[in-house]
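I have placed the structure first, in the form of structure tokens, so that the comments after it can refer back to it.
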Amino acid sequence: MDGTGELFEPLAQAMGRQQDAIDVVRYPGTEPLGYDELERLVRARLPAGQPFVLLGESFSGPLAISIAATPPPGLRGLILCCSFARSPKPGLALLRGGLLELSMMFMHSGLMRGPMRRMLLGRFATPRLCALLQGSLRQVSTAVMTRRMREVQRVNVVDRLAQVRVPVMYLQAIEDRIVPGQAARTIQRALSGLRIVRLEGPHGLLQAAPVAAAQAIENFCRELGSPEPAIP
């Protein structure tokens, strides 16, 4: 949800020689944009004139689904990682107004480093990953995080899944404390051909289990003819 792209470093390294094929689309850290505005931003950054696979992690999953529903030329496949087609936690609706903004302010404070680490990384936390996480959060304003959380609270792109015609893979973290398993099942009901790959790891799967995630991504792309991935 930070949108800085910094947290993709472990995955890029795990991709080895393929890391040059990764194009990370970064979101503004000080401009509070919703899903609609971010979709326009991502579409403008997608590869032109070549085949590619779109990967949407967590917050970016609904974005990736919307793009795949009305696909740009070149899109050959869609990967969703620890993501959702509609708000993953009904309890998020309770965070409204000043309470939501206050929660996002706490997210940036030192008091929340421990809870954030446990939620996103769990037992897979390392000093390096914790530093990456904190460094990414520092680049994003409270207003931006508040807007993105509001977008998560109201998002529902389940109906758009019926328009997705490209192959889709879902990377599911076995120890995800943020997005429940029901999120993948909701997508699978709309996409009977969905491939779910369950990997050992927390919500920050691409950060905590980059080698396993990279292998799954490479296998998926190989079956499609090795298009280059783009990650929003």
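The values are calculated or read from the model by the stated rules, or taken from the named source; none is laboratory data. Since the structure is predicted, the reported quantities are computational estimates derived from the model, not experimental observations. Quick reminder, even Gly has a Cβ in these numbers, built from the backbone with ideal geometry, and neighbours come from all protein chains shown.
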Could you go through segment 97-119 and let me know if any residue there is modelled with pLDDT of 65 or more, assigned to a helix (DSSP H, G or I), surrounded by 20 or more Cβ atoms within 10 Å (Cβ to Cβ) and not hydroxyl-bearing (Ser, Thr, Tyr). no
Could you give every pair whose Cβ atoms fall below 6 Å, whose first residue belongs to segment 33-45 and is within 19 Å of Val140 (Cα to Cα), and whose second residue is among the small types (Gly, Ala, Ser), counting only separations of at least 6 or pairs across chains? Glu39/Ser66
Spot the failing condition for Ala131; the list is (1) out of contact with any helix residue (DSSP H, G or I) (no Cβ under 6 Å at 6 or more places or on another chain); (2) modelled with pLDDT under 90; (3) surrounded by 15 or more Cβ atoms within 10 Å (Cβ to Cβ), and only one is missed. (3)
Take Val144 and decide whether it is touching a helix residue (DSSP H, G or I) at 6+ places or on another chain (Cβ under 7 Å), crowded, with 16+ Cβ neighbours inside 10 Å, among the hydrophobic types (A, V, I, L, M, F, W, C) and in a helix (DSSP H, G or I). no
Kindly provide the set of residues from segment 52-81 that are under 26 Å from Met145 (Cβ atoms) and assigned to a helix (DSSP H, G or I), ordered by number. Ser58, Phe59, Ser60, Gly61, Pro62, Leu63, Ala64, Ile65, Ser66, Ile67, Ala68
Could you check how many residues of segment 120-141 are without any contact (Cβ under 8 Å) to a residue 60 or more places away in the chain and in a helix (DSSP H, G or I)? 5
Can you give me the ranges of the strands (runs of 3 or more DSSP E) entirely in segment 154-232 with at least 2 residues that are surrounded by fewer than 22 Cβ atoms within 10 Å (Cβ to Cβ) and among the small types (Gly, Ala, Ser)? none
Every pair of residues 6+ apart whose Cβ atoms lie under 6 Å, when the first sits in segment 164-184 and is under 17 Å from Met1 (Cβ atoms) while the second is surrounded by 22 or more Cβ atoms within 10 Å (Cβ to Cβ) and aromatic (Phe, Trp, Tyr): Val179/Phe84; Ala183/Phe84
Over segment 29-51, the set of residues part of a loop (DSSP other than H, G, I, E, B), surrounded by fewer than 16 Cβ atoms within 10 Å (Cβ to Cβ) and not hydrophobic (A, V, I, L, M, F, W, C) is Thr30, Glu31, Gly34, Gly49, Gln50
If we keep just the residues of segment 1-28 that are more than 23 Å from Val155 (Cα to Cα) and among the charged types (D, E, K, R), which is surrounded by the fewest Cβ atoms within 10 Å (Cβ to Cβ)? Arg17
Using the structure shown, decide if Leu75 is surrounded by 15 or more Cβ atoms within 10 Å (Cβ to Cβ), within 16 Å of the chain's Cα centre (by Cα) and at pLDDT 70 or above. no
